[in-house]
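S.K.: Supplied in structure tokens, the structure appears directly below.
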Amino acid sequence: MNNIQNVSRRGFLKGAVAAGTFVLGARLVPEPLWADILNDAPDLFQPGIFLSIASDGTITIVAHRSEMGCGSRTALPLVVADELDADWSKVKIDQAIGDAKYGDQDTDGSHSVRSFFDQMRQVGATGRVMLITAAARKWRVAEKECTTEPGFVVHKASARKLSYGELSAAAAKLRVPRKEDVPLKSRSEWRYIGKDNALFDLPDIVTGKATFGMDAKMPGMVYASIEHPPVLGQKIKSYDDKAALKVRGVKQTLTIETFKPPHHFQPLGGVAVIADDTWAAFQGRKALKVNWDTSPNAVYNSDQFRKTLESTARQPGKVVRNVGDVDAEFAKGGKIIEAEFYAPHLAHASMEPPVAVAEYRDGKVLAWAPTQSPQAVQETIASVLGVKKEDVTCHVTLLGGAFGRKSKPDQVAEAAVLSKQLGKPVKVVWTREDDIQFDFFHSVAAMYMKAAVGPDGKPTAWLQRTAYPPIGSTFDVNAKYADDEMGLGWNNLPFDIPNHRAENGPADAHVRIGWLRSVANIYHAFAIHSFADELANAANKDSVQYLLELIGPPRIVPLKAEPDEQEEQKRYPLDTARLRRVVEMVAEKSGWGKSPSGKGHGFGVAAHRAFLTYVATVVEVEVDEKGQVQIPNVWTAVDTGTVVAPDNVRNQIEGAANFGASLALLSEITVTNGVVNQSNFNDYELVRMNSAPKHTSVYIVESDAPPAGVGEPGVPPFAPAFYNAIHAATGKRIREMPLSKTQLV
């Protein structure tokens, strides 16, 4: 159960035909499965194939999403296997190469299961129906008399059964039935969906057999380490490689042209040291002397930019949601509460830094990479080298963490560019310093909050403004507003407030900006749910009770949706009953209110909807007389709709607590004159065993709603819940991330 291979679609089909294998595609067209395959037609099963059954009973399921610890390479095949009624012990998973025929392969945005759950059910169920048809014809009985059990079609009346392997050749000759003629299992019939199943890759990972990006090799390859321009957009004026070439194992140096704006996912540019091994490449690079020209981004200083952002957030911005009349309500006077919040740049800092190997030959490129988006690899290399996208083949390895960084394939493009120059395969390896200093950073952000509160302490008007360099700057040099990011916890406030306005202010980008686990939800949740707790304190009310009052009665919150979002909004409305439920559940499970806060001990709560999943978190903190903070417990309740793999949901939420603790306690990227100041884990800190939460409890709401996101939603509520707990313990309100910037005593 640990044989995971990378296969080309064409190679898979040829092997299937030779073996008399039953194969199912994603586009279930009513045609004979082998109609043109035997005539060597390459495009029969568009957009790709997902399922085959060999004559020996081996079931192969193609995973078209990447595996970085999020479990998608297990979850989606599990769905196929369940509807197929497969024997999971006989399942083999093949990792798909990048190919548009598989549909969206960008394993990002917590949507692998959400986007492909129904499709994978259909693939598995169609296979099951066709196997039943093949058996019924063989036995000359009615199909409705036949059922399945794992790996077999059964005719109970005659006590006969045939294995899927025995039926594969006959099933391959059948027409694929129409979707409406394929019944899906009822929830009560599911064998694997909703049950705990270990990650398919786990045995190989823990025994060191798994292939990560750093393990990928090609015959005759050389290694490269690249000296990138310290400031975004700098070009090489001159360089001296004499000392570098004296390092044993160094072969030569090459230059990579600095990108032409917008930078997109293009290589940054720089000088590459080519060597026989990674160590020699690193040492040779240290001996390089490079002179860089100027860049307009050299003016960027994060301390000064913070003041600019905060000033912007205090001013009226672009209105992204408006309910009632906020200005009229504020004009009435009364009690007004204001607060400002700030969050710094963040780096992804995944365990495995960027790495890739690529070979350019005769106008075509073959690459191996730990990428979240093999199709982005194809597009980027095609653009940079001027080749056809279909002439770029990207094999996907396991990813040693990613958090969004590895959906940007600049290092894969670097390997391809160098390979074209050298005429041989090149493996590009980034150091930890490269990873942190030349990241696509999570954006810095400033938020301004203002509320008018009535005699009962509840807000009658609520104004919120946010300003930060948008991700859109990656693709458009003129982008200043985060239009596409407002749905990430900003223009969809779930609170029952009669007058509410959300605004977005402009900001310029001077470093590469990219999505990081839960994206703008991080700072938006920080501001909104910290401010909500401030209002609760001002009203002298219990934080959980006040939060429930803010959420208001169960209802569907009306939200404006773009045309391409309307169907999703119908399927996933913002339902405050579900948000209330997770708040109530986490309060119950944490024993909220049973232990008093104060004197260095406190509890905090926050609840947020992200990636269509509802999450509520309670954090317990202890602060000693020196101001040192410990996190004894974290409790999280999550409603993510239909759950495929409960244990994986728990894993993701537990991981989110540690990830969130790093961001809330320690992590910060700063920039001076365009140069990132941090370089490794000594100055870009993450939580370690002594500062991580000691115990995390996860509670999953049973739901038959459609599946929603899992990998990211656990992160946003952690920081505000943590900071609210700090206030409960010490009386000190935290309005800037991370906590390390604040003296608690």
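S.K.: Return yes or no: is W368 at pLDDT 95 or above and crowded, with 19+ Cβ neighbours inside 10 Å?
M.R.: Here the answer is yes, as W368 does meet what is asked.
S.K.: Anything in segment 78-109 that is over 17 Å from T397 (Cα atoms) and out of contact with any Pro (no Cβ under 8 Å at 6 or more places or on another chain)? List them, or say none.
M.R.: Within segment 78-109, L78, V79, V80, A81, D82, E83, L84, S89, K90, D104, G109 qualify.
S.K.: Another one. Within segment 499-508, is there a residue that is crowded, with 24+ Cβ neighbours inside 10 Å, part of a helix (DSSP H, G or I), under 27 Å from the mean Cα position of the chain (by Cα) and among the polar types (S, T, N, Q)?
M.R.: No, every residue in segment 499-508 fails to be crowded, with 24+ Cβ neighbours inside 10 Å, part of a helix (DSSP H, G or I), under 27 Å from the mean Cα position of the chain (by Cα) and among the polar types (S, T, N, Q).
S.K.: Of all strands (runs of 3 or more DSSP E) completely enclosed by segment 211-267, which ones contain at least 2 residues that are assigned by TED's automatic domain parsing to the domain that holds W368 and buried (at least 19 other Cβ atoms within 10 Å of the Cβ)?
M.R.: Correct list: 222-227, 250-256.
S.K.: For segment 447-498, how many residues meet the condition of being among the charged types (D, E, K, R), under 28 Å from A539 (Cβ atoms) and in a loop (DSSP other than H, G, I, E, B)?
M.R.: Total meeting the criteria: 3.
S.K.: Provide a single number: the residues in segment 83-107 that are closer than 21 Å to V710 by Cα and surrounded by fewer than 24 Cβ atoms within 10 Å (Cβ to Cβ).
M.R.: 3
S.K.: While we're on this one: Select from segment 197-232 the residues that are modelled with pLDDT under 95 and acidic (D, E) and list them in ascending order.
M.R.: D201, D204
S.K.: Look through segment 628-647, keep the residues that are hydroxyl-bearing (S, T, Y) and assigned to a loop (DSSP other than H, G, I, E, B), and return whichever of them is surrounded by the most Cβ atoms within 10 Å (Cβ to Cβ).
M.R.: The extreme case among them is T640.
S.K.: Could you count how many residues in segment 379-391 are out of contact with any Pro (no Cβ under 9 Å at 6 or more places or on another chain) and either at negative phi or not assigned by TED's automatic domain parsing to the domain that holds H264 (or both)?
M.R.: 8
S.K.: Residues being more than 17 Å from I513 (Cβ to Cβ), of a type in the set (A, V, I, L, M, F, W, C) and buried (at least 24 other Cβ atoms within 10 Å of the Cβ): count how many of those fall in segment 426-446.
M.R.: Qualifying residue count, segment 426-446: 2.
S.K.: Right, something else. For segment 464-479, does any single residue satisfy the condition of being free of Cβ contacts under 8 Å to residues at least 12 places away in the same chain and outside the structural domain of Q266 (by TED's automatic domain parsing)?
M.R.: Scanning segment 464-479 turns up at least one residue that is free of Cβ contacts under 8 Å to residues at least 12 places away in the same chain and outside the structural domain of Q266 (by TED's automatic domain parsing).
S.K.: Right, another one. Which residues, taken from segment 155-208, are charged (D, E, K, R) and either part of a helix (DSSP H, G or I) or not assigned by TED's automatic domain parsing to the domain that holds D85 (or both)?
M.R.: Once the filter is applied, which keeps residues that are charged (D, E, K, R) and either part of a helix (DSSP H, G or I) or not assigned by TED's automatic domain parsing to the domain that holds D85 (or both), segment 155-208 yields K156, E166, K179, E180, D181, R187, E189, D204.
S.K.: Could you tell me whether S691 is assigned to a loop (DSSP other than H, G, I, E, B) and small (G, A, S)?
M.R.: For S691, the condition - assigned to a loop (DSSP other than H, G, I, E, B) and small (G, A, S) - is met.
S.K.: Given (1) out of contact with any Phe, Trp or Tyr (no Cβ under 9 Å at 6 or more places or on another chain); (2) more than 21 Å from D204 (Cα to Cα), where does E83 come up short, assuming only one miss?
M.R.: Failing condition for E83: (1).
The rows are residues; the columns are (1) farther than 20 Å from S667 by Cβ; (2) in a loop (DSSP other than H, G, I, E, B); (3) touching a Lys or Arg at 6+ places or on another chain (Cβ under 9 Å).
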{"position": "Y342", "(1), (2), (3)": "no, no, yes"}
{"position": "E359", "(1), (2), (3)": "yes, no, yes"}
{"position": "V377", "(1), (2), (3)": "yes, no, no"}
{"position": "G401", "(1), (2), (3)": "no, yes, no"}
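Here is a yes/no grid of residues against (1) in contact (Cβ under 8 Å) with a residue 40 or more places away in the chain; (2) surrounded by fewer than 20 Cβ atoms within 10 Å (Cβ to Cβ):
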site	(1), (2)
Q545	no, yes
V557	yes, yes
R571	yes, yes
D575	no, yes
R581	yes, yes
S590	yes, no
G598	yes, yes
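S.K.: Of the residues K732, K741, K694, only one is without any contact (Cβ under 8 Å) to a residue 40 or more places away in the chain and either more than 19 Å from G404 (Cα to Cα) or surrounded by fewer than 20 Cβ atoms within 10 Å (Cβ to Cβ) (or both); which?
M.R.: On inspection, the qualifying residue turns out to be K732.
S.K.: Confirm whether L663 is crowded, with 24+ Cβ neighbours inside 10 Å and hydrophobic (A, V, I, L, M, F, W, C).
M.R.: So L663 passes the test.
S.K.: Just the residues that are under 19 Å from S419 (Cα atoms) and either in contact with a Ser or Thr (Cβ under 6 Å, 6 or more places away or on another chain) or of a type in the set (K, R) (or both), please, taken from segment 256-311.
M.R.: F265, G269, V271, V273, A281, F282, R285
S.K.: When you check E166 against the structure, is it closer than 13 Å to G57 by Cα and at pLDDT below 95, yes or no?
M.R.: For E166, the condition - closer than 13 Å to G57 by Cα and at pLDDT below 95 - is met.
The values are calculated or read from the model by the stated rules, or taken from the named source; none is laboratory data. Just so we're clear, the structure is a prediction, and the values are computed from it rather than from any experiment. Reconstructed Cβ throughout: ideal geometry from the backbone, glycine too, with neighbour counts over all protein chains shown.
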